[in-house]
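The values are calculated or read from the model by the stated rules, or taken from the named source; none is laboratory data. What you see is a predicted model; the values in this text were computed from it and never measured. Cβ atoms come from the backbone with ideal geometry, glycine included; neighbour counts cover every protein chain shown. Quick note on the areas: whole protein, heavy atoms, side chains included, nothing else; ligands and nucleic acids left out. Shrake-Rupley method; radii C 1.70, N 1.55, O 1.52, S 1.80 Å.
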4 protein chains.
Amino acid sequence: MSAAVRAAVLERFEQPLAIREFPEPEGVGPGEALVRVEIAGICGTDVHLWLGQLPIALPVILGHESAGRVERLGPGLERDWRGQTLAVGDRVTWASSISCGQCYYCRLKRQPTRCLERKAYGISYTASEAPHLRGGYAEKILLRAGTAIFRIPDNLPSDAVVGAGCALTTALHGLERAPLQHGDIVVIQGTGPVGLAALAVARESGASKIVAVGGPPHRLQLARDFGADATIDIALYPERAERLAAVLAETSPYGADYVIECTGIPEVVNEGLDYCRDGAHYLVLGQYANAGNISFNPHTITRKQLRLSGSWGFEPRHVHAALELLSRGQWARRFAGGITHRFALGDADQALQHVRHWSGGKTVITP
Amino acid sequence: MSAAVRAAVLERFEQPLAIREFPEPEGVGPGEALVRVEIAGICGTDVHLWLGQLPIALPVILGHESAGRVERLGPGLERDWRGQTLAVGDRVTWASSISCGQCYYCRLKRQPTRCLERKAYGISYTASEAPHLRGGYAEKILLRAGTAIFRIPDNLPSDAVVGAGCALTTALHGLERAPLQHGDIVVIQGTGPVGLAALAVARESGASKIVAVGGPPHRLQLARDFGADATIDIALYPERAERLAAVLAETSPYGADYVIECTGIPEVVNEGLDYCRDGAHYLVLGQYANAGNISFNPHTITRKQLRLSGSWGFEPRHVHAALELLSRGQWARRFAGGITHRFALGDADQALQHVRHWSGGKTVITP
Amino acid sequence: MSAAVRAAVLERFEQPLAIREFPEPEGVGPGEALVRVEIAGICGTDVHLWLGQLPIALPVILGHESAGRVERLGPGLERDWRGQTLAVGDRVTWASSISCGQCYYCRLKRQPTRCLERKAYGISYTASEAPHLRGGYAEKILLRAGTAIFRIPDNLPSDAVVGAGCALTTALHGLERAPLQHGDIVVIQGTGPVGLAALAVARESGASKIVAVGGPPHRLQLARDFGADATIDIALYPERAERLAAVLAETSPYGADYVIECTGIPEVVNEGLDYCRDGAHYLVLGQYANAGNISFNPHTITRKQLRLSGSWGFEPRHVHAALELLSRGQWARRFAGGITHRFALGDADQALQHVRHWSGGKTVITP
Amino acid sequence: MSAAVRAAVLERFEQPLAIREFPEPEGVGPGEALVRVEIAGICGTDVHLWLGQLPIALPVILGHESAGRVERLGPGLERDWRGQTLAVGDRVTWASSISCGQCYYCRLKRQPTRCLERKAYGISYTASEAPHLRGGYAEKILLRAGTAIFRIPDNLPSDAVVGAGCALTTALHGLERAPLQHGDIVVIQGTGPVGLAALAVARESGASKIVAVGGPPHRLQLARDFGADATIDIALYPERAERLAAVLAETSPYGADYVIECTGIPEVVNEGLDYCRDGAHYLVLGQYANAGNISFNPHTITRKQLRLSGSWGFEPRHVHAALELLSRGQWARRFAGGITHRFALGDADQALQHVRHWSGGKTVITP
């Protein structure tokens, strides 16, 4: 009989994660891979899922940004997404979602992130159904055929990959949809993992100056290490008008050319539009969950002739781009260094609660 | 002593326009032109100005979309904006705004529509200051040096030019900032002058199908004449869910590729985003005045990975583009035919009140 | 034993096509379809293939733009590329090429038209290898699993589909890569099938005026029916300087905003660049085969700050776009009417020689 | 009587520059400025002008990239192009060209670099006509009203400004017209001043890797200091096939995403297209003079579905962007350090001959 695999399961919204055991798959089908999870990131989205702010069916093994080692490979799975050979023991990561390749969005609109049949590890699979192991907060995960698996380059630590997490791929997708122009002055709202990732991509994409608005101080220190030219501590500027004045002092009297929302707090959107000079671009990167409505004046969009963009998730090619970025300069060190807290699998709920306070750097589980 | 020139003046918000007399300018300075107004359009923005929804100083001679005949030309003004010779008696129109050409927006950002010193005829000049005659609801207007004046081609009736009005130039600017892609399925919210202008530009820019949502029936008839493939009468679908279903039946089960807001009613923005397929473009063209806030969920932008754009006003080159468009196909006939009501200058207030009910086609004053 | 299927085969470059018989496939594998060809277009590229100007392995059954009726469907093939049900007897067309979906170009660069493993019906398959039937100049064709098959809408005649041929999908791809801007004045070099297709797409994409340069007169008549505002007969302007003057008289003293090369003759490129105003776009659509070098001055690109673009082939979504375009307005009638010559399969060589003179409209084989 | 001002004059093509004396202007008109030149760069274009490869009227005081100190300011000239106060003694640089602001290109096409009336200091003004002093190889230059003058920030040495020269503004314009995408692998052909400037802009615009192909070794050393990830010495790879193999080894087996031509040698264009992966962008930045024709196959553009772009000169806002770039990071030090040779005004011809050998870094005259 098969061994048991432990996993942390979200069984009810806003209730502690439960540690459950599932049978290890007896066989591995064509194209599938069984991976021993070595490190699993806790994404802010996991908190939103836990709060019930996205429509998912429970129970779910959370965890959609992970790395591990291949334990078993199904027939036919001989190469990773980039065409590199794949073998048992290889260190790998993978795109969290699989698109169908056949629907309206995949075929006609080339937007697989909005695939009508899209399923994401750690989000869309109910743990109560075999083969159960479809999330990263677990000792092992069974990857479906068609998963975009990436062998991690030898000189790139898994800490860097999971430290960057889905924030980096999401930022790469967002800034691909709405590119920076050379010389743009950029403001980033939020200095958590998404903000740091956006900062990295903006830094590598032609921003002439980047101002990060966030806190607390140790996150601002990270932001400076990630290349922010200036940081504004929201604790020192508790009033919105003060923060605006501080931002304009760093950008121009008229505002920034490009503002990136990375907080997930709906109310900051209006403040972010204030940071925009007329004609600026505002990228809504952080509103991944439905956290409620705000009072909003659409006249602002017309009068300031703004451009607003959103982007959802990422495609496998953004994982490739992320691995490439992490292989350059100081990014691996920076993102690995962004991991400030580590928890054992058994303490997954404690880890999640820690993230919920939004004040740490990146938090991970090491099953 | 100089003759008197009559004009309709907005002296107090929400109060009737007053007919006042101003002295005719005795001389015409270098680069200036005195024009006898033959036709002046009443723009929806004039209603918003009357309501006090944009920050202007009173009294103002309203009217920013007009045509007339040159009465006097100042020294040095020998050619129009396109380099054509200009003479007394020529029929002309002009760009409503003048930009400084020197500020942050004019120079560094190439966005003269957001010029820090921008002044618009019929909006930004107080009638109490000489030379007073800076609006179109008047027998004559004195154009400043630097105004982009266009001689109207002989075969293009002034009715077509003013029937198109600033709506057409604004739509050209908006769709330049956020271009359609060939084959896009377009929904237009609103079938007033702005909606019809957007319809014309979308029709000429590669839309494969255009659905106009509006009313009343005679406006929908105009929309069909302007090339709408389908019209949805909001009186027949009083519920938002019904309208959405009617739109999806005409676009795709997922919505339209491009939606253009042309109503000026803040609440329609949320409905317009419903009409968008994921990844669609939403152009906010109608929110020219501050008509208040709505309850809005920014998560929508992220989840549907939308693009929203605004555009403010237009540049002289959009007047050129409008005159070119009007010279092609049926557009002159259509836009001239869109004028449904004409009033004498003395009835300017009555004309404005008529527009305020938003149900006619284009309304004009013929001083 | 299986029946014989007749096909026209290119066995040696510049030699007459041979009519050969191949065994009809006994079974149809998973995802495959056997289609009875009803109409097969002769593309200019077929002439270039016949001349040996593209690197292919012989023998080949030519024909990459065809339509027919489904005779047999392999297991699992129940829907067409757009998700519509597919049944024996349905009238269909298909994308001529299959991309691997896994290589550098397919995955990382999203350019499946340059797939490293791309294979095209009528071009890339040697007829000497089973299952032989991989080209359109044949009574039947066996479509591989993964072919993008499209059920042709009932009200769209096959003549329109093949009359448009790969020229229309190629033009759609080209103008997608280098979009027109609303109001662009366009010159099209060449009035053969590619020129007419480019004309159609330009007409539907926002061109304000289209000038077609070509001949002979009946092709220019077709061009006007396709919406050209002006045509220039090269027989009336035998000198390059004369043609340039004629073009500038129709565009502007400085040239056109967008010029599309649709002739396949290398020398016309220099002439086309003369037609460009400074800053114009030049789309090289017709140089599908290697027809040799020209003397060229790269200083022109810098001095006129031009943009040049090429595009190769098309993707399945362009077949969808073509079918949509053909369903609108007069396009089906126009493209069907562009077919000027029809030949029986046995006269395939005669048909090819006819196209070789470049003077007809579209020529087809009706097996 | 006025003092004499010495200048180096191109009187006949391919003949030594002559040192001539011109009268110092007695008065300075409205908007004009008299500037004492402190440093004047010798641009590769100056060599092409000397060779007669661009159509200009002689005699000409060469020099279109210079910096100096304001000696006299005409009435009304109180602020520089960015709105900063301007006073006698201020250190300034200026855009080399003035556009009319009224022609087809300035108004309708927003391409002032192709203004029909454009005039450039050091190129378009004949020295035989008063006020003579319209070039940088001189003790003083008289700037026309309308010149875009920039006060140089105090902490930015003139060496950096002229070391960057028009190469940097030209590169900024070129990469604005054809933007890099984040992560692009870039090859730069040429390691002279234009190549180094392109390298700087590519580095600041999102290139993930930059390969510089050029020589001799000290220029390659500069390229590495400017941020090239790899350099290929053309002396070590004398054969084109060898160079191609060396480039592909550094980019991908299929080539680079973006290639920038910075040599001015027509023949390198074909080699540069070899460096392009299919679908790549090729920016022709260096072909500023007419240096003759090449044998070229336009089929390459179609088959590889390339994009080629050119750009001519720059606008005042690119001078602003250049000054901003020079104020960041190591760029001022790098560009100032790129100046390898300095000559007195009296040795201007010797300086020009030195540049003609294309092997130094930046060469300047210090009048």
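For chain C, a Gaussian network of Cα nodes joined below 10 Å ranks C:SER96, C:SER205, C:SER252 by mean-square fluctuation, and the top entry is C:SER252. Considering only alpha-carbon pairs that sit under 8 angstrom and 6 or more positions apart, the relative contact order computed for chain A is 19 percent. Which of the three applies to the range B:179-310, rounded, prolate or oblate, going by the alpha-carbon gyration tensor with a ≥ b ≥ c and a/c under 1.5 meaning rounded? Because its axes are fairly even, with a/c under 1.5, the range B:179-310 counts as rounded. Taking 25 Å as the limit for the C-alpha separation, the pairs A:LYS209/C:LYS109; A:LYS119/B:LYS304; B:LYS119/D:LYS119; B:LYS209/C:LYS209 exceed it in the case of A:LYS209/C:LYS109; B:LYS119/D:LYS119.
Between B:LEU172, B:LEU285, B:LEU244, the residue with the greatest mean-square fluctuation in the GNM of chain B (Cα pairs under 10 Å linked by springs) is B:LEU244.
Placing unit charges on each Cβ (+1 for Lys and Arg, -1 for Asp and Glu) gives chain D a dipole about its Cα centre, and among D:THR251, D:ALA171, D:ALA145 the Cα reaching farthest toward its positive end belongs to D:ALA145. Exposure check, 1.4 Å probe, all protein chains in place: B:TRP331 carries approximately 10 Å² of accessible surface.
Taking a ≥ b ≥ c as the square roots of the Cα gyration tensor eigenvalues, the range C:1-145 comes out oblate, since a/c reaches at least 1.5 and a/b does not exceed b/c. Between A:VAL213, A:VAL161, A:VAL28, the GNM of chain A built on Cα springs shorter than 10 angstrom shows A:VAL28 fluctuating the most. B:ILE210's amide H: which non-local residues (gap 5+, or another chain) put their own amide H closer than 5 Å, with H modeled 1.01 Å from N in plane and none for Pro or chain starts? Long-range HN contacts for B:ILE210: B:VAL186, B:ASP229, B:ALA230. Residue by residue along B:239-250, Cβ atoms of other protein chains within 10 Å of the local Cβ number 0 on average. Extending 7 Å from the Cα toward the beta-carbon at both D:ALA145 and C:GLN181 defines two label points whose distance is 3.1 nm. Take the accessible area of B alone and of A alone, subtract that of the pair with a 1.4 Å probe, and the total buried over both chains is about 4000 Å².
Modelled spin-label separation between B:HIS218 and D:SER295, with each label point placed 7 Å from Cα along the Cα-to-Cβ direction: 7.3 nm.
Based on the Cβ-Cβ distance of A:ALA3 and A:ARG79, what FRET efficiency does E = 1/(1 + (r/R0)^6) give at R0 = 30 Å, to the nearest 0.05? All intermediate terms of the calculation are to be shown ahead of the outcome.
On the way: r = 28 Å, r/R0 = 0.94.
Here the calculated transfer efficiency is 0.60.
Remark: chain A carries 35 Å² of accessible area per residue (probe radius 1.4 Å; ligands, DNA and RNA excluded). Look at where the Cα atoms of the range B:72-102 and of the range B:261-326 average out, and the two centres are 32 Å apart.
Filter chain C for me: DSSP H helices, axial length by Cα at least 20 angstrom, mean Kyte-Doolittle hydropathy not below 0.5. List them by residue number.
Helices passing the filter in chain C: C:158-177.
Inter-chain Cβ neighbour count for B:281-288, averaged per residue, equals 4 (cutoff 10 Å, partner chain atoms only). Net charge near D:GLY313, counting Lys/Arg +1 and Asp/Glu -1 over other residues with Cβ under 11 Å of its Cβ? Net charge in that neighbourhood comes out at +2. Our note on the geometry: Cα centres of the range B:145-213 and the range D:18-36, 51 Å apart. Computed over neighbours whose Cβ is under 14 Å from that of A:GLN350, the net charge equals -1, Lys and Arg +1, Asp and Glu -1.
Its relative contact order, with pairs defined as Cα atoms under 8 Å and 6+ residues apart, puts the range A:179-310 at 23 percent. Shape class of the protein assembly as shown from the alpha-carbon gyration tensor: rounded, with the ratio a/c of largest to smallest axis under 1.5. In this view, the solvent-accessible surface of D:ARG224, computed with a 1.4 Å probe and all protein chains in place, comes to about 110 Å².
Here the label points at B:ARG342 and D:ARG69, each 7 Å from Cα along the C-beta direction, are separated by 7.0 nm in the simple model.
Here A:SER128 sits with roughly 80 square angstrom of accessible surface, probe radius 1.4 Å. Can you compute the FRET efficiency between A:SER327 and A:ALA87 using 1/(1 + (r/R0)^6), with r the Cβ-Cβ distance and R0 = 22 Å? Round to the nearest 0.05. E(calc), rounded to 0.05, equals 0.55. When D:GLN84 is represented by a point 7 angstrom out along its Cα-to-C-beta vector, the spacings to that point in the other copies are 4.5, 4.8, 6.5 nm, nearest first. For the residues of C:109-119, the average number of beta carbons from a partner chain within 10 Å of their own beta carbon is 3. Where in the range A:281-319 does the amide nitrogen come within less than 15 Å of the point 7 Å from the Cα of A:GLU267, taken along Cα to Cβ? Label zone hits: A:291-296.
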